[in-house]
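Below is one structure, written out as structure tokens; comments come after it.
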Amino acid sequence: MKNMLTTISNALCRMTGRNVGAQTVSELLVDLSEYVSVTSPPPAPTVALTQRQPPKPPPVRTRASAEQLVKNQAETDRPGARVVVSRSFADFTSQASFDIKECELHRLEDGPPLKAELTREQGLQYYRVMQTVRRMELKADQLYKQKIIRGFCHLYDGQEACAVGIESGINPSDHLITAYRAHGYTYTRGIAVKEILAELTGRRGGVAKGKGGSMHMYAPNFYGGNGIVGAQVPLGAGIALACQYKGNNQVCVSLYGDGAANQGQLYEAFNMAALWTLPCIFVCENNKYGMGTSVERASASTEYYKRGDYIPGIRVDGMDVLCVREATKFAADHCRAGKGPIIMELQTYRYHGHSMSDPGVSYRTRDEIQEVRSKSDPITMLKERMLTNNMASVEEFKGIDIAIRKEVEEAALYATSDPEPPLEELCNHIFSNDAPLEVRGTNPWVTLKSVS
């Protein structure tokens with residue numbers, strides 16, 4: 001093999017007029033791909049090499065990356081083997097089955113399955129959405145540090161598998177309500193990145209017209225974004241009551257964090273949901289810290305999936321999008337079957353601090369954060385699964401990443417150039433479908449008008 005490469009290298013020097021020198025196999029193959037078809041041997045030359053003219057420029061084609069060529073190097077070591085530079089989509093595995101972590105159960109005989117089916121299209125879509133949320137949150141972090149975004153801002157990076165897994169396990173017609181860490185769910189519920197970032201910068205084109213900010217974003221069948229700790233949980237039970245009353249076979253996902261898990265109003269909502277057999281999935285996103293307090297220091301019992309006592313519960317690996325998806329499907333089927341509410345505890349992790357005012361390293365170490373990133377990152381986990389099972393290529397993921405970066409950059413430009421809402425619109429949309437009314441301003445002599 002080495003002698004053959006030396007011979008080809010010398011020939012390439014004469015063909016190109018360049019001193020090729022010592023090269024790796026991949027570099028040599030990249031150079032060769034410009035002059036010959038690497039999928040079939042070239043025809044024997046009909047003239048002497050000394051009379052050969054420089055070849056014409058090669059036709060426009062998709063040039064194989066060095067990484068792909070190196071990947072095929074092992075096959076070239078076999079005698080008579082052909083080098084394959086590019087791959088078509090037909091070469092990829094269209095569907096694969098994956099083992100997922102078993103859920104811990106409370107008051108249930110059976111739980112979610114231990115295997116999850118994933119199609120190539122689903123995998124790419126999950127990757128695209130999770131990566132978009134990650135990039136969007138990192139851009140929000142940047143804009144906040146530039147003092148373009150002000151006030152409260154709670155980022156969701158690290159927890160993307162929760163939002164994408166839940167959304168893929170329910171229907172768009174189902175309902176969802178969450179706490180103040182709401183950017184990811186706003187996106188999965190159908191709001192564009194530019195509308196989310198514009199809301200964070202307080203611009204007129206934001207999802208809430210620039211008046212809601214980080215904690216108050218809404219979409220069809222999505223009720224926020226709520227700033228009062230734990231207050232969204234009984235509201236979610238009320239939404240589930242409306243679903244039951246209408247008989248539409250819909251469910252409500254009511255999310256809260258481990259920091260809100262000790263709120264008394266949660267248990268009032270649990271009690272009423274169990275009494276009335278409401279189709280409500282109570283989801284505790286346990287990211288290990290309530291603000292700066294670890295769950296072990298805040299809760300006598302950290303088994304949040306058992307906190308409902310008389311309500312069944314499951315504990316789920318919240319860093320695995322497939323595990324979250326299968327658990328959500330199981331919980332939704334439980335509710336739709338008329339069995340009442342269920343509790344899901346998603347064990348997850350946030351990379352940023354509680355909010356932008358929290359550096360996130362005074363109560364945990366940087367090594368702890370890095371360990372989670374290296375071992376349990378939800379985006380990396382999905383990507384490696386797909387690559388290992390030949391469901392996508394490295395180049396395809398890179399293409400998705402480039403497109404996402406472009407989308408987020410364009411959204412940031414929009415969010416920083418769109419005008420702020422004028423003062424006269426400050427009190428609009430207080431009521432729905434109502435006649436205009438006067439609203440008192442900051443003092444009795446200032447009045448504003450509210451228009452629906």
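The values are calculated or read from the model by the stated rules, or taken from the named source; none is laboratory data. Keep in mind the model is a prediction, meaning the values are calculated, not measured. Cβ: placed from backbone, ideal geometry, glycine included. Neighbour counts: every protein chain shown. Please note that ligands, DNA and RNA were not included when accessible areas were found on the heavy atoms of the full protein model with its side chains. Shrake-Rupley method; radii C 1.70, N 1.55, O 1.52, S 1.80 Å.
Tabulated data for the structure shown
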read-out	value
Residue within the range 212-229 that is assigned to a loop (DSSP other than H, G, I, E, B), closer than 21 Å to PHE282 by Cβ, over 22 Å from the mean Cα position of the chain (by Cα) and in contact (Cβ under 8 Å) with a residue 24 or more places away in the chain present	yes
Residue in the range 377-396 that is farthest from GLN95 (Cα to Cα), counting only those that are of a type in the set (S, T, N, Q) and open to solvent by 40 Å² or more (accessible area, probe 1.4 Å)	THR380
Filtered residue count, the range 410-425, keeping only those that are under 19 Å from TYR187 (Cβ atoms) and free of Cβ contacts under 8 Å to residues at least 40 places away in the same chain	1
Residue selected from the range 282-299 under the condition assigned to a helix (DSSP H, G or I) and aliphatic (A, V, I, L, M), by the criterion most open to solvent (accessible area, probe 1.4 Å)	ALA298
Matching residues, the range 251-273, being open to solvent by 40 Å² or more (accessible area, probe 1.4 Å) and either of a type in the set (A, V, I, L, M) or part of a loop (DSSP other than H, G, I, E, B) (or both)	ASN262, GLN263, MET272
Failed criterion for VAL229 (all others in (1) closer than 30 Å to PRO421 by Cβ; (2) among the β-branched types (Val, Ile, Thr); (3) open to solvent by less than 40 Å² (accessible area, probe 1.4 Å) hold)	(3)
Tally, over the range 300-310, of residues that are of a type in the set (S, T, N, Q) and either more than 25 Å from ILE369 (Cβ to Cβ) or crowded, with 22+ Cβ neighbours inside 10 Å (or both)	1
Qualifying residues in the range 133-152 (those that are part of a loop (DSSP other than H, G, I, E, B) and under 23 Å from the mean Cα position of the chain (by Cα)) - the one nearest to ASP418 (Cα to Cα)	ILE149
Residue satisfying all of: in the range 301-326; assigned to a helix (DSSP H, G or I) and touching a Leu at 6+ places or on another chain (Cβ under 8 Å); nearest to ASP174 (Cα to Cα) among these	VAL324
Single residue of the range 89-108 satisfying the filter (on the phi < 0 side of the Ramachandran plot and part of a loop (DSSP other than H, G, I, E, B)) that is farthest from the chain's Cα centre (by Cα)	LEU108
Subset of the range 436-446 (residues that are surrounded by fewer than 12 Cβ atoms within 10 Å (Cβ to Cβ) and free of Cβ contacts under 8 Å to residues at least 12 places away in the same chain)	ARG440, THR442, ASN443, PRO444, TRP445, VAL446
Number of positions in the range 364-405 that are among the small types (Gly, Ala, Ser) and not in a helix (DSSP H, G or I)	2
Among (1) in contact with a Phe, Trp or Tyr (Cβ under 6 Å, 6 or more places away or on another chain); (2) in contact (Cβ under 8 Å) with a residue 40 or more places away in the chain; (3) in a helix (DSSP H, G or I), the one test that ALA163 misses	(2)
Those residues of the range 311-352 which are open to solvent by less than 10 Å² (accessible area, probe 1.4 Å) and either at pLDDT below 95 or acidic (Asp, Glu) (or both), in sequence order	ASP320, GLU345
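Each row is one residue, and each column tells you yes or no for (1) over 24 Å from the mean Cα position of the chain (by Cα); (2) among the hydrophobic types (A, V, I, L, M, F, W, C).
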site	(1), (2)
TYR289	no, no
PRO312	yes, no
VAL316	no, yes
CYS335	yes, yes
